[in-house]
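So the structure is just underneath, and the comments pick up after that.
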Amino acid sequence: MIEYEKFELENGLKILFHQDETTPLAVVNLLYNVGARDEEEDRTGFAHLFEHLMFGGSANIPNFDAPLQMVGGECNAFTNNDITNYYEVLPAENIETALWLESDRMLELAFTPKSLEVQRGVVIEEFKQRYLNQPYGDVWLNFRPLIYKTHPYQWATIGKSIEHIEGASMQEVKDFFYEHYAPNNATLVIGGNLQLEAVKSMVNKWFGDIPRREIKPRNWKPEAPQNDKRELELERNVPSNAVYIAFRMGGRTSEDHYFGDLCTDLLAGSKSSRLYQRLVVKDRLFSSISSYITGALEDGLLIINGHLSDDISFEQAERSIWEELEKLMIHEIEEMELQKVKNKHKTGKVFGEQNLLNRVMKIAFFENMGKLEELNNELEAYDAITPLNLQLFLQRTISPKKQSILRVKKTS
């Protein structure tokens, strides 16, 4: 059971406090409700750029890392299509250092030409190294626009192209900051051996005077249902042929999230899973195979990805995947097999919540998606799933007419 206290400042900042008397450390986690989906189609990659810019100096603090390191702390951040998340871990007695740092960059970034150019260069180099100069690196740059036609999930967090970041002006960067980085668009979660009244006092001291801002409304069109098979083939200098198959499904706040999570574990969640045993071990059609869900807040995806063995055709490989999918859709899953993957989830979640940072992040994420009351009900949600639930989920999600396929062909 993860316990918490919640309060809110007049400027709209939502704060949650999770007390843990067993640790000398404290965690400060600040989640902004902005991700790659909040970008303009011709100016992508901004949310990820800001993940870097927020460490490049703020109005009153030229160096973010140095003060934190001096008090024994560390920090990091991540961005995806839905959110941007920043966190610090430090000794509890030094927590005000983290609050001071986070509040100053929420108030205003330095916005110096030097900082912009430095972080622009870092992002461009990351784009080249991770997406353009790495085997299979550009898969999602090409796969997303095949799957999504209208929704901003059609581009990856890094952005559509380097040119969008290269061409970003200082004014565009400032506009993006003031439209999204504000107390009324953020969730602050604090965890550690602290007292609620002290936390309230410190948070009000450092964040209370930051003004509310006008948050840019989201006005994208919902993605239409997919009723056509979509295919794309890339020829690349890669170690082996690979296939990616995607099916759209409900988002993170729907029952589909839990159904899809268990289904992908049944398919390829371990070496005893169906696809691994049949296609890797028995028939040796693939050298590796995996299945997972994206967990996106809106239109999620169920993905199957495999690397083909030498001399195996795409047709043969895909046919074998469909044979296993059809078995799952036609024949009811045995309770013992289902219980095995449920137990794996329980073990992973229980062990994961031993870590204070993981608990604090989970609180922030559930609050942001408007499901805080379900924070402690995930295990029950998985436990309640029946074989019939999964069978019906697969039957409405998996179909030849609902699939998007990307094939990566090894250059000869």
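Quick notes on this structure:
- Computed from the C-beta positions of ASP228 and VAL118, the FRET efficiency with R₀ = 45 Å rounds to 0.50.
- Relative contact order %, region 230-410, counting alpha carbon pairs below 8 Å whose residues are six or more apart: 39 percent
- Separation of the LEU196 and GLU179 label points, Cα + 7 Å toward Cβ, nm: 3.9 nm
- Of ASN204, ASN81, ASN184, the one that fluctuates the most in a GNM where the chain has Cα springs shorter than 10 Å: ASN204
- Here the gap between LYS205 and GLU21, fully extended at 0.36 nm per residue and compared with their Cα-Cα distance, gives a gain of 63.9 nm.
- Degrees separating the helix 387-397 axis from the principal Cα axis of the chain, which is the longest one: 90 degrees
- Computed from label points 7 Å out along Cα-Cβ, the spacing between GLU41 and ALA77 is 2.8 nm.
- Based on the Stokes-Einstein relation at 4 °C and a viscosity of 1.567 mPa s, and on the Kirkwood radius from alpha carbon pairs, region 218-345 is assigned a translational diffusion coefficient of 81 µm²/s.
- Our coupling estimate for region 66-83, obtained by passing each phi through the Karplus curve with A = 6.51, B = -1.76, C = 1.60 and θ = phi - 60°, is 4, x, 5, 5, 5, 9, x, x, 9, 8, 6, 7, 8, 10, 9, 5, 10, 9 Hz, Gly and Pro reported as x.
- Equivalent ellipsoid of region 1-91: semi-axes from √(5λ) of the C-alpha gyration tensor, largest first, are 26, 19, 12 Å.
- Extension gain, GLU334 back to ASN376 (0.36 nm per residue minus Cα-Cα distance, nm): 12.4 nm
- Take every Cα pair under 8 Å whose residues are at least 6 apart in sequence, average their separation, divide by the length of the chain, and the relative contact order is 22 percent.
- Full-stretch length increase - GLN316, MET70 - with 0.36 nm per residue and alpha-carbon distance subtracted: 82.7 nm
- Residue-averaged 222 nm ellipticity for the chain, from DSSP H runs of 4+ at -39500 (n - 2.57), nearest 500: -11500 deg cm²/dmol
- Between ASP175, ASP65, ASP104, the Gaussian network model of the chain with springs among Cα atoms under 10 angstrom shows the greatest mean-square fluctuation at ASP175.
- With Cα atoms, 0 to 90° folded angle of helix 196-207 axis to the chain main axis: 80 degrees
- Within-11-Å neighbourhood charge of MET54 [Cβ basis; K, R +1; D, E -1]: -2
- Considering only the Cα atoms of the chain, their convex hull presents on average a projected area of 20.7 nm².
Just so you know, all these numbers are worked out from the coordinates, no wet-lab data involved. For clarity, every value in this text was computed on a predicted model and none was experimentally measured. In this analysis, Cβ positions are derived from the backbone assuming ideal geometry, glycine residues included, and neighbour counts consider all displayed protein chains.
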